[in-house]
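Data block below; observations after.
Please treat every number below as a calculation from the coordinates, not as lab data. Source: prediction; values computed, not measured. Virtual Cβ from ideal backbone geometry, glycine too; neighbours counted across all protein chains shown.
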Amino acid sequence: MTTQAWSIMPRIRELDEFLARNPSAHATNRDAAGLRESHPEVCFRRLAEGDVSHSKLEGDGEDERLAILEHHHPGTSDAFRRLESDLIDRFAPHERRFSTDHRDDVVDAMVLALTGFLADGDYQTLPGNPTVDARGIPREIVYVEGARPG
């Protein structure tokens, strides 16, 4: 197990406990409203129609991902710069809630939010015909195709 996966285990447990207490919060089929699972890199690749060539941890990768977001929803880059200013730049390093090392997390959150906005409930899934777990939750990653600039 990776260090990153181990680090998010408490958040995964919180979500599992929330879903166990609130079964109506999760989507139980392709057409249902509710929480869905996704992955930022899948979303970026689908929005860019597969054309993502730089690591998200490099400056070029951040710029590339912001350009993808901007293409599909103008103003997104400006929103990122405002968040960057509000959450990172205006605080001394010991006062920050987000460090410069977490900029990619903000960009990832933005693509997930944009995916939900663009899909408007009409998601594609990986795999195309997902199985479900013991609680009926689909084992899927949702995304939206790239041909819908907003």
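Report the longest stretch of the chain that contains none of the chymotrypsin sites (Phe, Trp or Tyr not before Pro) sitting in a DSSP loop with at most 16 other Cβ atoms within 10 Å.
On the way: sites that count: Phe91, Phe98.
With a cap of 16 other Cβ atoms within 10 Å, the longest stretch comes to 1-90.
Between the amide H of His54 and any residue lying 5 or more places away or on another chain, no distance stays under 5 Å, with hydrogens modeled in the peptide plane. Where does helix 59-72 land angle-wise versus the long Cα axis of the chain, in degrees 0 to 90, nearest 10? Value to nearest ten degrees: 60.
Percent of alpha carbon pairs in segment 28-67 separated by more than 13 Å? Within segment 28-67, distances greater than 13 Å cover 58 percent of Cα pairs. In this calculation the C-beta distance from Asp133 to Trp6 is compared with R0 = 25 Å, giving a FRET efficiency of 0.70.
At q = 0.09 Å⁻¹ the log10 of I(q)/I(0) for segment 3-143 amounts to -0.33, computed by Debye summation with a single uniform scatterer per C-alpha, solvent ignored.
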